[in-house]
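*Asks:* Quick one: the structure is below, and I'll ask about it shortly.
The values are calculated or read from the model by the stated rules, or taken from the named source; none is laboratory data. Remember, it's a predicted structure, so these values are computed and weren't measured experimentally. Cβ placement follows ideal geometry from the backbone for every residue including glycine, while neighbour counts extend to all protein chains displayed. With ligands, DNA and RNA removed, areas are computed over all heavy atoms of the protein, side chains included. Shrake-Rupley method; radii C 1.70, N 1.55, O 1.52, S 1.80 Å.
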Amino acid sequence: MKRDLLTPLDFSKEELDRLFVLADDIEANPAKYAHACEGKKIATLFYEPSTRTRLSIETAMINLGGRVMGFADAKSSSAAKGETVADTIRVISNFADIAAIRHPKEGAAAVAAQYATIPIINAGDGGHQHPTQTLTDLTTIRKLKGRLDNLTIGLCGDLKFGRTVHSLVAAMSRYENIRFVFISPPELRMPDYVTDSLNDKGIPYQEVTMLEEAIGGLDILYMTRVQRERFFNEEDYIRLKDFYVLDEKKNGARQKRLLYPAPAPARRRNCPGG
Ligand code: CP
């Protein structure tokens with residue numbers, strides 16, 4: 001039976017623990033894994049721009065001895081001629097052993113998984129989920145803090161359209177004694193489906209507007225970019241894009257563990273990374 005990675009919850013906590021150990025070993029002993037995917041091909045189907053996600057997935061496959069095919073722009077595939085995701089993935093299932101897809105529409109990766117005969121990795125579907133970023137974020141938090149339990153995590157910025165925060169909240173909700181602080185303008189607050197799920201599980205969270213109100217009590221601060229490409233209205237984007245500026249004057253900013261999934265607009269390149 002094929003497995004897909006559509007949300008971070010598609011891996012159990014125990015599977016994630018095994019993946020963290022494996023990732024550490026691959027990092028420490030790359031030569032041991034240099035032929036692990038020999039003879040295998042991954043298709044990277046990117047209907048939306050990407051630097052980090054596409055190239056890190058392709059680099060991983062190359063480092064494991066496999067090969068890469070695909071497109072970085074939907075205009076260069078038959079999507080430009082009206083081909084559906086279902087038809088594209090049916091065709092690609094004949095060529096590749098696994099596929100990673102990024103698409104501007106929520107649920108596109110799930111549609112691909114439904115029609116594919118090969119495993120599908122969701123590399124970001126609209127403003128919904130971004131599980132591969134979450135695997136990186138969990139690895140980073142584990143390295144920075146030495147644990148994934150007992151943490152107060154602040155998520156700041158565009159919580160409405162920011163798919164990385166939706167996936168991170170889902171993943172972190174499975175660990176013990178987690179508390180979230182959602183920091184956003186009212187227009188960009190966390191969607192109800194995320195907060196409803198936290199309410200159902202009895203996981204504490206707080207919603208605030210000002211970063212200064214929350215920053216002092218956080219173990220981790222996760223900053224997100226305002227997602228220009230998801231706005232219907234350019235005026236709203238311009239009004240909200242600089243709502244949060246993190247600088248050293250903010251209480252305790254220098255001591256915080258800061259994660260930022262990028263990309264950063266050019267003039268904010270000095271934003272400290274995760
Ligand atoms: N973090 C992330 O998804 O970056 P890219 O858009 O560059 O892939």
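*Asks:* Once neighbouring chains are kept in place and the probe is 1.4 Å, which whole percent of the accessible area of region 97-140 is contributed by carbon and sulfur? All intermediate terms of the calculation are to be shown ahead of the outcome.
*Replies:* On the way: 780 of 1380 Å².
Ligands and nucleic acids excluded, carbon and sulfur give 57 percent.
*Asks:* With no solvent and one point on each alpha carbon, what is the Debye value of log10 I(q)/I(0) for region 105-232 at q = 0.10, 0.17, 0.18 Å⁻¹?
*Replies:* -0.32, -0.91, -1.01
*Asks:* Send over the per residue convex hull volume for region 1-145, Cα only, as a whole number of Å³.
*Replies:* Working: hull volume 16.7 nm³, N = 145.
Given the Cα convex hull of region 1-145, per-residue volume reads 115 Å³.
*Asks:* Another question, then. Could you give the accessible area per residue of the chain, probe 1.4 Å, as a whole number in Å²? Could the numbers behind the result be given before it?
*Replies:* Details: 14030 Å² over 274 residues.
In whole numbers, the chain has 51 Å² accessible per residue.
*Asks:* Next question. Figure the gain on full extension for residue 73 and residue 143 (residue separation times 0.36 nm, minus the Cα-Cα span) and round it to one decimal in nm.
*Replies:* Values: separation 70, 0.36 × 70 = 25.20 nm, distance 3.40 nm.
That pair, residue 73 and residue 143, stretches by 21.8 nm at full extension.
*Asks:* Out of the DSSP beta bridges found with both residues in the chain, what percent are antiparallel (nearest 5)? Don't jump to the answer; show the numbers that get you there.
*Replies:* Details: 1 of 33 bridges.
Antiparallel bridges: around 5 percent, rounded to the nearest 5.
*Asks:* Going through the cross-link list 2/241; 75/201; 13/241; 41/105; 13/160; 160/201, which pairs have a Cα-Cα distance over 32 Å in this structure? Display every interim value, and only then the final one.
*Replies:* Working: 2/241 41 Å; 75/201 43 Å; 13/241 35 Å; 41/105 25 Å; 13/160 26 Å; 160/201 21 Å.
Cα-Cα > 32 Å for 2/241; 75/201; 13/241; rest within.
*Asks:* Let me ask something else about it. So which chymotrypsin sites (Phe, Trp or Tyr not before Pro) in region 172-240 are both in a DSSP loop and have at most 12 other Cβ atoms within 10 Å of their Cβ? All intermediate terms of the calculation are to be shown ahead of the outcome.
*Replies:* Working: sites: 175, 180, 182, 193, 205, 222, 231, 232, 237; in loops: 175, 231, 232.
Of the chymotrypsin sites (Phe, Trp or Tyr not before Pro), the ones in loops of region 172-240 whose Cβ has at most 12 other Cβ atoms within 10 Å are 232.
*Asks:* Assigning unit charges at the beta carbon (Lys, Arg +1; Asp, Glu -1) and nothing else, what dipole magnitude in debye, to the nearest 20, does region 1-108 show about its Cα centre?
*Replies:* Values: 15 positive and 16 negative charges, 78 e Å.
Taking the Cα centre of region 1-108 as origin, the dipole is about 380 debye.
*Asks:* Kindly express, to the nearest 10 degrees and within the range 0 to 90, the angle between helix 131-145's C-alpha long axis and the longest C-alpha principal axis of the chain.
*Replies:* The answer is roughly 50 degrees.
*Asks:* Leaving ligands, DNA and RNA out of it, report the carbon-plus-sulfur percent of the accessible area of region 4-80 at a 1.4 Å probe.
*Replies:* Working: 2540 of 4460 Å².
C and S fraction of accessible area: 57 percent.
*Asks:* Out of all Cα-Cα pairs in the chain, roughly what percent, to the nearest whole number, are more than 34 Å apart? Write down the numbers at each step before the final one.
*Replies:* Details: 7752 of 37401 pairs.
Value for the chain: 21 percent of Cα pairs lie more than 34 Å apart.
*Asks:* Put a dot 7 Å past each Cα toward the Cβ at residue 22 and residue 90; how far apart are the dots in nm?
*Replies:* 3.1
*Asks:* Give me the net charge of residue 32's neighbourhood, meaning all other residues with Cβ under 13 Å from the Cβ of residue 32; Lys, Arg count +1, Asp, Glu -1. Kindly include the intermediate steps, with their values, before the conclusion.
*Replies:* On the way: positive: none; negative: 24, 25, 27.
Net charge in that neighbourhood comes out at -3.
*Asks:* Turning to a different aspect of this structure: Which Cα, out of 49, 61, 31, lies furthest along the positive dipole direction of region 14-114 (beta carbon charges, K/R +1, D/E -1)?
*Replies:* Result: 49.
*Asks:* Also: Over all alpha-carbon pairs of region 15-85, lay out the pair-distance distribution in 5 Å bins, whole %, shortest bin first.
*Replies:* P(r) over region 15-85, rounded to whole percents: 4, 15, 19, 19, 17, 12, 7, 5, 2, 0.
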